[in-house]
Amino acid sequence: MRETLFMVFSLFTIAAASGVVLSRNPVYSAFSLILSFFGLSGLYLLWGSTFMAMIQILIYTGAIVVLFVFVVMLLNLQTVRENSPNLLFLVGAAAAVWLFSLMILRVLTRAIPNKAVEIPTDQLRAISKLLFTRYLWPFEVLSLFLLVMIVAIFAITRTQEIPQGGEKK
Amino acid sequence: MSLLDLFLIPVSPVASFVIAGLLLIVLQCIRSPKLKGITKIVALLGPLGSLLATWNLFKSQPLAYSLVTAGSYEAWLNEFILSYHLDSTTMIWYWAIGAIASISFIFVEAYFKDLEELPEILILLEFIAAAMMLLVSANNLLMVFMALELMSLPTYVLVGVEREKHFGAEASLKYFLFGSFATVLLLFSIALLYAYTGTLQFSQISNFLMVPVGGTNPAGIMVMAASALFIIAVGFKLGLAPFHMWLPDAYEGAATPITGFMGSAIKLAGFGMALRLWWGMLAPISAHWVAILGSLSVVTMFVGNLGALRQRNLKRLFAYSSISHAGYLVLGLISISKTGTQLDTQNLFYYLVVYGFMFLGVFGILGLIEKQTGSTDISTFEGIGFSHPLLGACLAILVLSAAGIPPTAGFLGKYLLFADAVRTGHVWLVVLAVLSSVIGVFYYLRVLVALYMTEPSQRIILSSQSRIVVWSVIACAFCMIFFSFFPQRLGI
């Protein structure tokens, strides 16, 4: 069961990651990136690392990829035009292959302990407990920070109200 | 000791600003024209309450607090005591921040009285002031980082709050980009130190560094890289010379009272942080950074004073002047000596406060004139010494103090700093510093010439509502004379 799930998530991640590189439309690339992050977070879940799985989706999918998509939309990028495989492409491919083979070699030549590092099963509870006991004071300061940012955004995005029939102040 | 003594009273100066800020937010939710007048009064409650709370804290023997051994309380209280540094030095810092905040709130309220965003500006200022107090009393790198960001991010917004005027948006963007770059460097150096020592606490890091670190082992390189990054990041924030590019633009682009606040209070808090970082944490390896900071300070003085020579806009002129003052202050920072475990910070603090009130007063006057004429060019100020004798006299006193001419506190401050530097062996730095302040006298005198030796080019009529601003400016100018004759009032 575990092995099957591992294979499914890995293949899914790899397929989505190749979608990022291979698709011609940058928006499709960004969406494939989201999919590959979901696959990765599934792998984290399999290892019992619930916190990492959640943060992976929240931060990468929720914030970073959305930012990518915004940039792509704002810049109004068209489909990248067809290029023939030039020197830069070859160098990039060679570097990728080299890095990949290094990692594979490392995995194959080192005896990997059968049991990975024991991960505490209740990570979320442990982190939230620390946040609300030991690190309560920094946490409260952080909440102030969020409040200030909301006010600051109001201050810069507020448009001047134009009175009826009058000129803008 | 109860929770009251350990937590509530120590944070009360900070909490006063926060509560005033929250009250202002609530007031904004009730959209009633009657409450508009109350807004300004509530905003002033923040700094005044903070001064009161500081006085109360001062009376209740803060030294006893810092000696409390953490460990026997609840987890969060232990962590709070460890992360909150409170001694007589911090207390003086609180006084200065409270006083400068009160005066700049008056300036801001008068300058922006017709602007619809006034409440937002006041709310942001309250939180910035609270963050400044957290910054000067931070005792671990986590609090330094959070307080610094809580202080900087609203400031970027305040610089650009007048989008249509001048080039506020451009200045804000420039300040934001430079500031966030500095933040990244600071974060990187914090990470390096954490990786090496495994703690964020100043005292524990300091103990770690007591063990001599060699130049070639990887750990030594890590510490060296971290301390170099600290110099760059804090240099950006304080506007030291190779990292000062953003400062004239940001100071010129921001609205005048905001610039006054940035140049006085934020610089004060920045130096408070620098003091804690270098003398509280990196003191054991001081041999490595004193020389670097010393050369930075000389470069900063010359860049500031030479840059100011050609400016005709007084706002930009005083922005460069503040760069040169940062140079003198860094010279003071590196020549702090230790008696026992106590640092002799009085002379540095004296100069900081005198500089803070000087800058604030000058920008109060600039704000008044700009509000009436729409310009801060030097030609606007021609003949003001005759048409408005009181304002002219105040500006003259403040400018003389900035130049360091004897009867003012600016002279005494410079003298004390330079004497300290000579005592700790930085004779050559002092020679260069004196040389650069002689250059500085030239452009300060140009302001005086415009005030008293030229015919008024236009009539400036001040509105009667600006009386409170005039009184605040007089208070700043009075400080320049008062602290010169009674320096012991500032703990000298």
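Select from the range A:29-51 the residues that are assigned to a helix (DSSP H, G or I) and modelled with pLDDT under 85 and list them in ascending order.
Correct list: A:50, A:51.
Is it fair to say residue B:109 is away from every other protein chain (no Cβ under 11 Å), touching a Lys or Arg at 6+ places or on another chain (Cβ under 7 Å) and modelled with pLDDT under 90?
In short, yes.
Can you confirm whether the range B:131-140 contains a residue that is under 19 Å from residue B:53 (Cβ atoms), part of a loop (DSSP other than H, G, I, E, B) and within 13 Å of chain A (Cβ to nearest Cβ)?
Scanning the range B:131-140 turns up at least one residue that is under 19 Å from residue B:53 (Cβ atoms), part of a loop (DSSP other than H, G, I, E, B) and within 13 Å of chain A (Cβ to nearest Cβ).
In this structure, does residue B:52 turn out to be under 24 Å from residue B:135 (Cβ atoms), surrounded by fewer than 18 Cβ atoms within 10 Å (Cβ to Cβ), in contact with a Phe, Trp or Tyr (Cβ under 7 Å, 6 or more places away or on another chain) and among the aliphatic types (A, V, I, L, M)?
no
Is it the case, given these coordinates, that residue B:77 is surrounded by 14 or more Cβ atoms within 10 Å (Cβ to Cβ), part of a helix (DSSP H, G or I) and modelled with pLDDT of 80 or more?
In short, yes.
Quick one: in the range B:112-130, which of the residues that are part of a helix (DSSP H, G or I), more than 8 Å from chain A (Cβ to nearest Cβ) and modelled with pLDDT under 90 is nearest to residue B:369 (Cα to Cα)?
B:118
Go through the range B:338-383 and give me each residue that's among the charged types (D, E, K, R) and in a helix (DSSP H, G or I).
Result: B:370, B:371.
Taking the range B:306-337 as the region of interest, how many residues are in contact (Cβ under 8 Å) with a residue 40 or more places away in the chain, out of contact with any Phe, Trp or Tyr (no Cβ under 8 Å at 6 or more places or on another chain) and not in a helix (DSSP H, G or I)?
Looking only at that region, the number is 4.
Please verify whether the range B:247-263 includes one or more residues that are over 25 Å from residue B:106 (Cα atoms) and assigned to a helix (DSSP H, G or I).
No: the range B:247-263 contains no residue that is over 25 Å from residue B:106 (Cα atoms) and assigned to a helix (DSSP H, G or I).
Among the residues of the range B:155-202, which ones are acidic (Asp, Glu) and either within 13 Å of chain A (Cβ to nearest Cβ) or not in a helix (DSSP H, G or I) (or both)?
B:162, B:164
The values are calculated or read from the model by the stated rules, or taken from the named source; none is laboratory data. Owing to the predicted nature of the structure, the values given are computational and were not obtained by experimental measurement. No Cβ is skipped: glycine too gets one built from the backbone with ideal geometry, and neighbour counts run over all protein chains shown.
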